[in-house]
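Okay, structure first, notes after.
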Amino acid sequence: MQHMKEIGGPLDPECDCYTCRNYTRAYIRHLIKANEILGVRLLSIHNINFLTKLMEKVRIEIENDNLLEFRKEFYKKYGYTKE
């Protein structure tokens with residue numbers, strides 16, 4: 001696995017938020033390391049977008065009575081393991 005500072009591109013290639021469309025991981029890392037408030041702001045924009053979309057998907061899966069399968073897929077995709 002590559003170290004974070006060696007990786008270019010967006011925080012999340014699947015994300016369509018303002019941060020992921022306009023800034024690279026390397027630049028955001030630079031902002032954070034330099035204690036620039038823009039770095040925190042960009043991360044907040046990304047995180048709020050991620051959580052909002054996640055909750056939209058959860059609502060849909062609850063309506064479709066498929067929440068447990070969705071949870072399994074989510075855990076697998078994001079590396080969560082019950083250890």
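Would you pick out the residues in region 39-71 that are of a type in the set (Val, Ile, Thr) and under 12 Å from the mean Cα position of the chain (by Cα)?
Ile45, Ile48, Thr52
Could you tell me whether region 27-38 includes any residue that is surrounded by fewer than 13 Cβ atoms within 10 Å (Cβ to Cβ), more than 15 Å from the chain's Cα centre (by Cα) and among the charged types (D, E, K, R)?
Looking through region 27-38, at least one residue is surrounded by fewer than 13 Cβ atoms within 10 Å (Cβ to Cβ), more than 15 Å from the chain's Cα centre (by Cα) and among the charged types (D, E, K, R).
Of the residues Lys76, Lys82, Lys72, Lys57, only one is open to solvent by 90 Å² or more (accessible area, probe 1.4 Å) and not in a helix (DSSP H, G or I); which?
One residue alone meets the criteria, Lys82.
Among the residues in region 1-13, are any surrounded by 14 or more Cβ atoms within 10 Å (Cβ to Cβ) and free of Cβ contacts under 8 Å to residues at least 12 places away in the same chain?
Checked region 1-13: no residue is surrounded by 14 or more Cβ atoms within 10 Å (Cβ to Cβ) and free of Cβ contacts under 8 Å to residues at least 12 places away in the same chain.
Could you check region 46-79 and list, in sequence order, the residues that are closer than 15 Å to Glu14 by Cα, at pLDDT below 95 and basic (Lys, Arg)?
Result: Lys77, single match.
Cβ-Cβ below 8 Å, separation at least six or inter-chain, first residue in region 67-83 and farther than 15 Å from Glu56 by Cα, second hydrophobic (A, V, I, L, M, F, W, C): which pairs?
Correct list of pairs: Tyr80/Phe74.
The values are calculated or read from the model by the stated rules, or taken from the named source; none is laboratory data. Everything numeric here is computed off the predicted structure, so don't read it as measured data. When we count neighbours, we look across all protein chains shown, and the Cβ atoms used for this are built from the backbone with ideal geometry, even at glycine. All accessible areas refer to the heavy atoms of the entire protein, side chains included, with ligands and DNA or RNA removed. Shrake-Rupley method; radii C 1.70, N 1.55, O 1.52, S 1.80 Å.
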